[in-house]
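A short worksheet on the structure shown next.
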Amino acid sequence: MITIREFNDTDAAMASVVYFESFRSYLKERMEITEPQPAEYWLKIMRHSATDEYENISFVAEEDGRIIGCISITAALKRRLGSLQRIGVLPECAGKGVGKMLFKAADEFWRKRNMRKVSSCVSSINPGALKFYTSCGFHVEGTLKDHFFEGVDEHQIALFY
């Protein structure tokens with residue numbers, strides 16, 4: 001059974017593997033690192049933090065004690081703008097609905113904080129991700145040419161509440 005819960009510090013090493021394998025699945029030879037980042041790298045990024053103006057949180061998908069997916073999101077509370085920073089699912093777990101389950105947790109978080117818009121971006125070389133985002137209600141707002149890599153565009157996407 002797959003469960004979604006808030007990220008905790010002991011998840012960092014497995015979350016690193018999830019993001020590494022997920023990104024490598026579409027970046028292939030463009031991947032700039034050859035192994036997952038140290039757990040400490042992800043602790044700073046994924047820990048829950050909050051101020052009067054911003055809140056950052058991450059959720060993980062767990063199956064049989066193993067982290068198989070992660071999502072990291074933010075909320076600019078005063079401006080009511082959310083951001084989906086990154087989402088990843090182990091390639092061997094694709095098609096199980098893990099991404100949708102993670103997005104549902106994010107969506108509930110944003111709705112509770114009364115966000116008016118959520119933004120993210122998706123690489124043009126990852127059409128499966130664009131299909132996923134549009135199935136969650138996102139629309140392409142624009143495209144940045146040659147954004148992260150030469151010859152690879154980045155689609156700016158948004159979801160309005």
ALA106 is checked against (1) more than 14 Å from the chain's Cα centre (by Cα); (2) at negative phi and fails just one. What number does that condition carry?
(1)
Would you be able to tell me the number of residues in the range 83-118 that are touching a Leu at 6+ places or on another chain (Cβ under 9 Å) and more than 26 Å from GLU21 (Cβ to Cβ)?
6
Go through (1) without any contact (Cβ under 8 Å) to a residue 24 or more places away in the chain; (2) part of a strand (DSSP E or B) one by one and return the number of the condition HIS155 breaks.
(1)
Can we say ALA61 is in contact with a strand residue (DSSP E or B) (Cβ under 9 Å, 6 or more places away or on another chain), touching a residue at least 12 places away in the same chain (Cβ under 8 Å), surrounded by 12 or more Cβ atoms within 10 Å (Cβ to Cβ) and over 20 Å from PHE149 (Cα atoms)?
yes
Test GLU141 against the criterion of being part of a strand (DSSP E or B), acidic (Asp, Glu) and in contact with a Cys (Cβ under 9 Å, 6 or more places away or on another chain), and give yes or no.
no
Looking at GLU53 and the list (1) at pLDDT 95 or above; (2) surrounded by fewer than 15 Cβ atoms within 10 Å (Cβ to Cβ); (3) farther than 19 Å from ALA106 by Cα, which single condition is not satisfied?
(3)
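Can you go through LYS117, LYS96, LYS104, LYS78 and tell me which one is in contact with a strand residue (DSSP E or B) (Cβ under 6 Å, 6 or more places away or on another chain), under 28 Å from TYR161 (Cα atoms) and surrounded by fewer than 18 Cβ atoms within 10 Å (Cβ to Cβ)?
Values: LYS96 fails: in contact with a strand residue (DSSP E or B) (Cβ under 6 Å, 6 or more places away or on another chain); LYS104 fails: in contact with a strand residue (DSSP E or B) (Cβ under 6 Å, 6 or more places away or on another chain); LYS78 fails: in contact with a strand residue (DSSP E or B) (Cβ under 6 Å, 6 or more places away or on another chain).
Result of the check over LYS117, LYS96, LYS104, LYS78: LYS117.
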Selection status of TYR26, part of a helix (DSSP H, G or I) and more than 14 Å from ILE67 (Cα to Cα):
yes
How many residues does the range 6-23 contain that are buried (at least 18 other Cβ atoms within 10 Å of the Cβ) and assigned to a loop (DSSP other than H, G, I, E, B)?
1
Here the residues within the range 45-85 that are in contact with a helix residue (DSSP H, G or I) (Cβ under 7 Å, 6 or more places away or on another chain) and assigned to a helix (DSSP H, G or I) are MET46
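Of TYR54, TYR41, TYR19, TYR26, which residue is under 23 Å from GLY128 (Cβ atoms) and touching a Ser or Thr at 6+ places or on another chain (Cβ under 8 Å)?
Residue meeting the stated conditions: TYR26.
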Taking only the range 29-44 into account, find how many residues are farther than 25 Å from ASP153 by Cβ and assigned to a helix (DSSP H, G or I).
6
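The values are calculated or read from the model by the stated rules, or taken from the named source; none is laboratory data. Computed from a prediction, not measured in an experiment: that's the story for all the values here. Please note: Cβ atoms are built from the backbone with ideal geometry, for glycine as well, and neighbour counts cover all protein chains shown.
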